[in-house]
Amino acid sequence: MHLSKAGYYADFVVYPVLILSLLGYQLVQIGAGAVRLATLVVVCLAGVCLWTLTEYVLHRYVLHHVPILHDMHEAHHADPAALVGTPSWLSALLFMLTAFLPARWAFGLEAASALTAGMMLGYLCYVGVHHVTHHWRLVPGSWLYGLKHRHQRHHYAKTPGNFGVTTRFWDRVFGTSLDSGMRQGRS
């Protein structure tokens, strides 16, 4: 959905605070001997990896198939430079309901905190990469330039694909990776 400038950039403030809060809790637990650092790192990295799959699934199946969300996503394709996204309060609530609470129930507070922090870190990377691919002029040949053109291919190719923004891993796994031959067009 279209956001105000403050609403659009809020993720870049809200998510670092949430991530640091969750990880801060973990550091207190490490200090108390309740959690090992290696466990925290592994579970947090698992959260980042889980986010990349979540990003792919949401983009491929929700944004391209749920009617109201599909319409909003198509508006983004029509005007890729617009300030479009999910309000921070809504995405944070969704993280709590779909990641933190189920993980808390299944694995306990420490694992839920680390897993959710990792997923939120992955989301913050997604928001950052998506912003950069649409709003920055990038140096040809750079890694971000490659991501930008890969994402452009998603917007302008006749065949649906390139649903991953931060990684092409899941597009390769599920056979939706488009070649990167596109070099012109808007972002």
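What number of residues in region 146-175 are surrounded by 12 or more Cβ atoms within 10 Å (Cβ to Cβ) and touching a Ser or Thr at 6+ places or on another chain (Cβ under 9 Å)?
If we filter region 146-175 for residues that are surrounded by 12 or more Cβ atoms within 10 Å (Cβ to Cβ), which is where we start, we get 146-157, 161-171, 173-174.
Then keep just the ones that are touching a Ser or Thr at 6+ places or on another chain (Cβ under 9 Å); that gives 146-153, 155, 161-171.
Counting residues in region 146-175 that are surrounded by 12 or more Cβ atoms within 10 Å (Cβ to Cβ) and touching a Ser or Thr at 6+ places or on another chain (Cβ under 9 Å) gives 20.
Per the conditions (1) over 19 Å from the mean Cα position of the chain (by Cα); (2) of a type in the set (Val, Ile, Thr); (3) not in a helix (DSSP H, G or I), the sole criterion not satisfied by Ile68 is (3). Look at region 14-34: where a residue is under 10 Å from Glu110 (Cβ atoms) and at pLDDT below 90 and a partner is among the β-branched types (Val, Ile, Thr) and surrounded by 13 or more Cβ atoms within 10 Å (Cβ to Cβ), sitting 6+ places away or on another chain with Cβ atoms under 8 Å, you get Gln26/Val35; Gln29/Val35.
Reported count of residues in region 131-176, each being part of a helix (DSSP H, G or I), touching a residue at least 40 places away in the same chain (Cβ under 8 Å), out of contact with any Gly (no Cβ under 6 Å at 6 or more places or on another chain) and closer than 28 Å to Leu18 by Cβ, is 4.
Can you tell me which residue is nearest to Gly108 (Cα to Cα) among those in region 62-81 that are touching a Phe, Trp or Tyr at 6+ places or on another chain (Cβ under 9 Å) and at pLDDT 80 or above? Step through it out loud before you land on a result.
Quick first cut of region 62-81, residues touching a Phe, Trp or Tyr at 6+ places or on another chain (Cβ under 9 Å) only: 63-64, 77.
Then drop every residue that is not at pLDDT 80 or above, which leaves 63-64.
Working: Leu63: 31, His64: 34 Å.
Only one residue fits best here, namely Leu63.
Filtered by the rule that a residue be under 14 Å from the mean Cα position of the chain (by Cα), part of a helix (DSSP H, G or I) and in contact (Cβ under 8 Å) with a residue 12 or more places away in the chain, region 75-106 gives Ser88, Ser91, Ala92, Phe95, Ala99.
The values are calculated or read from the model by the stated rules, or taken from the named source; none is laboratory data. Given the structure is predicted, the values throughout are model-derived calculations rather than measurements. Here Cβ is always computed from backbone atoms with ideal geometry, including for glycine, and neighbour counts include all displayed protein chains.
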